[in-house]
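Colleague: First the structure, which I've put down as structure tokens, then a few questions once you've had a look.
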Amino acid sequence: MLRNGLEPWHLLIVAIVVIVLFGSKKLPDTARSLGRSMRILKSEAKALKEENAADPAPGTQDRARTAAPVDAD
């Protein structure tokens with residue numbers, strides 16, 4: 001049934017349906033707002049990665065300071 005997957009004419013039909021449903025006036029605004037949302041998401045993910053890289057994992061410094069020395073007797 002779906003052996004061939006999506007063919008170009010399938011995508012054309014989907015595009016026509018989207019244009020009919022949303023109208024040609026709303027599509028640019030929708031695309032613009034989607035682009036803004038993606039930029040915000042990327043910047044927040046980048047900030048989160050930078051924050052995690054700058055801060056060490058919680059508790060790792062405390063364990064290193066309070067570890068008792070091991071005698072090799």
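The values are calculated or read from the model by the stated rules, or taken from the named source; none is laboratory data. All figures in this text were calculated on a predicted structure; none of them were measured in a lab. Note: accessible area is taken over every heavy atom of the protein model, side chains too, but ligands, DNA and RNA are not part of it. Shrake-Rupley method; radii C 1.70, N 1.55, O 1.52, S 1.80 Å.
Colleague: Could you tell me which of the residues Leu48, Leu6, Leu11 is at pLDDT below 85 and either open to solvent by 90 Å² or more (accessible area, probe 1.4 Å) or of a type in the set (A, V, I, L, M) (or both)?
Modeller: Values: Leu48 fails: at pLDDT below 85; Leu11 fails: at pLDDT below 85.
That would be Leu6, the only listed residue that is at pLDDT below 85 and either open to solvent by 90 Å² or more (accessible area, probe 1.4 Å) or of a type in the set (A, V, I, L, M) (or both).
Colleague: Out of the residues in the range 51-73 that are of a type in the set (Asp, Glu) and open to solvent by 100 Å² or more (accessible area, probe 1.4 Å), which is modelled with the highest pLDDT?
Modeller: Only one residue fits best here, namely Glu51.
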